[in-house]
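Written out below as structure tokens is the structure these notes cover.
The values are calculated or read from the model by the stated rules, or taken from the named source; none is laboratory data. Here the structure is a predicted model, which is why all the values come from computation and not from measurement. Reconstructed Cβ throughout: ideal geometry from the backbone, glycine too, with neighbour counts over all protein chains shown. Ligands, DNA and RNA are stripped out before the accessible areas are found, and what is left, the full protein with its side chains, is counted by its heavy atoms. Shrake-Rupley method; radii C 1.70, N 1.55, O 1.52, S 1.80 Å.
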Amino acid sequence: NERSKMRGMEEADAYLDRVFAANPLHPAHHYRIHLWDTADTPRGLDSATKVVHTAPGVPHMWHMAGHLFSLLDRHREAAWYMEAAMRLDHKYTIKDRVHPDLMHVYCHNVEWLIRCLAQCGQVRAAIDRCKALTDLPRHPRYNNLEPESSSAYGRRRLFEVLTEYELWDELIGLANTHYLEPTREFDDRLRRHRYLAIAHLRNGNFAGADEQLQAIGEIRAEQADLAAGQSSKGLVEVDETIAKIAAHRAVMEQRTRWSDLSTRLIVGLVVVSLVLLLAAKMFERTALRVAYLVVLLAAGGYGVYWLSGPTAQAATLAPMFHSRDLHAYGRTGDAVAA
């Protein structure tokens, strides 16, 4: 159970204290980082500052320091260590002429560096690293679109960074290059069409999004044929993707209508003011005035309800999109909270 697990971890940590008392720079600092990285991350911080000195010629030791700093949201320091690990890997790549995908966690180290750079706001540096991973020499066995290969990591992180920073035009442009070109692998095809559909929707290009949805529909037909009438993981993933894109579309369509209405808001206010003034003159009887105001209030209330609907839908989307949509509706406080 959890209590006995924690007791075992405390015992291991106490044993490590004895090791470090005898040898302060013992490589077991690597172990202590893993011991506490998810259970009680700050307890591994001392080892994170020392682990690189235990074996400075081993890139993974630099990676481990960055690993812990990243989990503590100290991304600038994490990026420094991850880049150091990458540079050391490059040294051995040049010296030994070994394919990068055959080096221990090289690709994982670089993709983590990309995430750290993105967290620090160093967008161009993150994108350049994504492209560098994708540009590495291809190999049919060692560097294909398997989940932990350099080309797969480069593509995934590039999609994520471009989406996180809403660089829609750049994402759409790179889709026609070797960086984000179409592939034949199921997960990658579905991911590519999803990101492109979102990019087109956020640009207000509903026709472009429909093309991506059509392509996803073709993928669904393929998965349905493979499933032979039975439910499958592939079909579920496709249906979830279609639902997410539909939610984006509903929000963006409503935002477009809101934008169109808001541009006419001043004219509308002037017209309503004139109508109210005219009504005050025309309807001398109090009952007719009250009825007239009730109708106006009901119409206004319905308009507010109709326009605020998409903000509830937006809550099911990623927080960055939700906050952007709330801001577009003038709900700045809610956007900041999101």
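May I ask you to list the residues in the range 174-199 that are open to solvent by 20 Å² or more (accessible area, probe 1.4 Å) and under 15 Å from the mean Cα position of the chain (by Cα)? Once the filter is applied, which keeps residues that are open to solvent by 20 Å² or more (accessible area, probe 1.4 Å) and under 15 Å from the mean Cα position of the chain (by Cα), the range 174-199 yields Arg191, Arg192, Arg194, Tyr195.
Please indicate, with yes or no, whether at least one residue in the range 76-99 is within 30 Å of Asn144 (Cα to Cα), open to solvent by less than 40 Å² (accessible area, probe 1.4 Å) and touching a strand residue (DSSP E or B) at 6+ places or on another chain (Cβ under 8 Å). So far as the range 76-99 goes, yes, one or more of its residues are within 30 Å of Asn144 (Cα to Cα), open to solvent by less than 40 Å² (accessible area, probe 1.4 Å) and touching a strand residue (DSSP E or B) at 6+ places or on another chain (Cβ under 8 Å).
Can you name the residue in the range 20-68 that is among the polar types (S, T, N, Q) and more than 34 Å from the chain's Cα centre (by Cα) and is also farthest from Thr93 (Cα to Cα) among such residues? Steps first, answer last, please.
Within the range 20-68, the first condition is being among the polar types (S, T, N, Q), and the residues that meet it are 23, 38, 41, 47, 49, 54.
Adding the requirement that they be more than 34 Å from the chain's Cα centre (by Cα) leaves 23, 54.
Values: Asn23: 31, Thr54: 22 Å.
Ranking the candidates gives Asn23 first.
Please enumerate the residues belonging to the range 175-205 that are part of a helix (DSSP H, G or I), out of contact with any helix residue (DSSP H, G or I) (no Cβ under 7 Å at 6 or more places or on another chain) and either of a type in the set (A, V, I, L, M) or modelled with pLDDT of 95 or more (or both). Answer for the range 175-205, where residues must be part of a helix (DSSP H, G or I), out of contact with any helix residue (DSSP H, G or I) (no Cβ under 7 Å at 6 or more places or on another chain) and either of a type in the set (A, V, I, L, M) or modelled with pLDDT of 95 or more (or both): just Arg192. Taking the range 23-108 as the region of interest, the helices (runs of 4 or more DSSP H) fully inside it that hold 2 or more residues being of a type in the set (S, T, N, Q), over 24 Å from Cys130 (Cα atoms) and without any contact (Cβ under 8 Å) to a residue 24 or more places away in the chain are 45-54. Kindly provide the set of residues from the range 210-242 that are open to solvent by less than 60 Å² (accessible area, probe 1.4 Å) and either under 19 Å from the mean Cα position of the chain (by Cα) or β-branched (Val, Ile, Thr) (or both), ordered by number. Answer for the range 210-242, where residues must be open to solvent by less than 60 Å² (accessible area, probe 1.4 Å) and either under 19 Å from the mean Cα position of the chain (by Cα) or β-branched (Val, Ile, Thr) (or both): Ile216, Ile219, Glu237, Val238, Thr241, Ile242. Within the range 327-338, the set of residues being among the aliphatic types (A, V, I, L, M), modelled with pLDDT of 80 or more and in a helix (DSSP H, G or I) comprises Ala335, Val336, Ala337.
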